[in-house]
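Peer 1: Supplied in structure tokens, the structure appears directly below.
The values are calculated or read from the model by the stated rules, or taken from the named source; none is laboratory data. As the structure is a prediction and not an experimental result, all values here were calculated from the model. Note: ideal-geometry Cβ built from the backbone for every residue, glycine included; neighbour counts use all protein chains shown.
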Amino acid sequence: MLDQAEALRELVRDRVMCCGPSLRPPKLYTIAVTSGKGGVGKTSVAVNLALLLARSGRRVRLVDADFGLSNAEVLLGIAPKYTLNDVLRGRIDASDAWVDGQDGLKLLSSGSGLEDMANLDGEAGVSLIDYVLRSAGDGEIVVIDTSPGINESVSSILAFADEVMVVTTPEPTSITDSYAAMKVLLSKLPDAQITLVANCCSSPNQASAVADGLKNICERFLGRSFQRYEYLPSDGTVGWAIRTQKPLVISSPHSAIGPWLRKMAIKLDDRIRRRDLTPVAELELVGV
Ligand SMILES: Nc1ncnc2c1ncn2[C@@H]1O[C@H](COP(=O)(O)OP(=O)(O)OP(=O)(O)O)[C@@H](O)[C@H]1O
Ligand SMILES: [Mg+2]
């Protein structure tokens, strides 16, 4: 008898991997948000950045690839009718699995029951993401929220991304795990475009110290490092937004972390523009 993980692999093989070469539009910009340690703010960063870009007029899709945990929908306060689970079980097409969030954001929830998906091998992981993105349109931005720790399935998703955000906190355990994640990532993808997100910091100086320390150790032992870093302050509003299921950038734009998230979104948007995606007429990410 097939165990559950093997049954899921069969589903991916049957429904996804037999579809042939990718038909996804060439002009997507894909950002994968990951971390070494869990609970460092990945989903909060992914949801709020996706919403800020959507609010500025970009067409944005958010993929919850933290299989089986589906935290993004909780943070957005929405209850998706369909999930990736329905796609894999052939109940609906991938193009019908996207649900509408705030400001035109589209979410693909992994739903429940896909916990074993975390153990998919690399080929199956990338095929799965490739498959769901066939329903994305030209010029769209895709933000993928992953599970922590870079296993085969996560690294295949990261390989697919134009940019990887590695979220860390200043805690020594998080920094150590971020280095371990960076080591796996850079050994598999030496040219990865990486943004370190120093979250929950007490000041920009603390974020700078975290980034400098990690950069030194990465350059010394791996011969390469991340390209840039971002500072996000520790702010109780993040927890409050999760508890009330009201996304922070909508419900509390003037909280301590709000302007820093907007700065981050503006810089991200600038990198996306330089990739020559469909331009946005008038950006509204002002007021920082
Ligand atoms: N900047 C911040 N300031 C204060 N608390 C924060 C901040 N960022 C995240 N948190 C808190 O950290 C916790 C975890 O956040 P989140 O779910 O976004 O992390 P995660 O990395 O996605 O977790 P997981 O690995 O379980 O998916 C939440 O309780 C949240 O309130
Ligand atoms: Mg999460």
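Peer 1: Which of the residues that make up region 56-70 are more than 16 Å from ligand 2 (Cβ to nearest atom) and on the phi < 0 side of the Ramachandran plot?
Peer 2: Listed by number, the residues that qualify are Ser56, Arg58, Arg59, Val60, Arg61.
Peer 1: Now for a different question. With the condition kept exactly as written, say whether any residue in region 4-13 is within 16 Å of ligand 2 (Cβ to nearest atom), modelled with pLDDT under 95 and either within 28 Å of Gln245 (Cβ to Cβ) or surrounded by 13 or more Cβ atoms within 10 Å (Cβ to Cβ) (or both).
Peer 2: No, there is no match, as no residue in region 4-13 is within 16 Å of ligand 2 (Cβ to nearest atom), modelled with pLDDT under 95 and either within 28 Å of Gln245 (Cβ to Cβ) or surrounded by 13 or more Cβ atoms within 10 Å (Cβ to Cβ) (or both).
Peer 1: Looking at region 144-169, which of its residues are surrounded by fewer than 21 Cβ atoms within 10 Å (Cβ to Cβ) and within 14 Å of ligand 1 (Cβ to nearest atom)?
Peer 2: Pro148, Gly149, Asn151
Peer 1: Is it true that Ile272 is under 18 Å from the mean Cα position of the chain (by Cα), within 29 Å of Tyr179 (Cα to Cα), in a helix (DSSP H, G or I) and at pLDDT below 95?
Peer 2: Taking the combined requirement at face value, the residue satisfies it.
Peer 1: From the list Asn205, Asn199, Asn216, which one is in a strand (DSSP E or B) and modelled with pLDDT of 95 or more?
Peer 2: After applying the criteria, what remains is Asn199.
For every residue, the table says whether it meets (1) crowded, with 21+ Cβ neighbours inside 10 Å; (2) closer than 16 Å to Ala46 by Cα.
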position: Asn71; (1), (2): no, yes
position: Lys81; (1), (2): no, no
position: Leu84; (1), (2): yes, no
position: Arg91; (1), (2): no, no
position: Leu105; (1), (2): yes, yes
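Peer 1: Report, by residue number, each residue of region 219-251 that is in contact with a strand residue (DSSP E or B) (Cβ under 8 Å, 6 or more places away or on another chain) and either within 16 Å of ligand 2 (Cβ to nearest atom) or in a strand (DSSP E or B) (or both).
Peer 2: Of everything in region 219-251, those that are in contact with a strand residue (DSSP E or B) (Cβ under 8 Å, 6 or more places away or on another chain) and either within 16 Å of ligand 2 (Cβ to nearest atom) or in a strand (DSSP E or B) (or both) turn out to be Arg228, Tyr229, Glu230, Tyr231, Leu232, Pro233.
Peer 1: A further question on this structure: Quick one: which of Gly39, Gly68 is modelled with pLDDT of 95 or more and either within 20 Å of Val132 (Cβ to Cβ) or not in a helix (DSSP H, G or I) (or both)?
Peer 2: On inspection, the qualifying residue turns out to be Gly39.
Peer 1: Say we look at region 209-257 and pick out the residues that are without any contact (Cβ under 8 Å) to a residue 40 or more places away in the chain and among the basic types (Lys, Arg); which of these is nearest to Asn71 (Cα to Cα)?
Peer 2: Ranking the candidates gives Arg243 first.
Peer 1: Turning to a different aspect of this structure: Go through region 71-101 and report how many residues are free of Cβ contacts under 8 Å to residues at least 40 places away in the same chain, in a helix (DSSP H, G or I) and away from ligand 2 (no atom under 16 Å from the Cβ).
Peer 2: 3
Peer 1: Right, here's the next one. Select from region 71-114 the residues that are closer than 18 Å to Asp130 by Cβ and among the acidic types (Asp, Glu) and write down the one among them that is nearest to ligand 1 (Cβ to nearest atom).
Peer 2: Of everything passing the filter in region 71-114, Asp96 is nearest to ligand 1 (Cβ to nearest atom).
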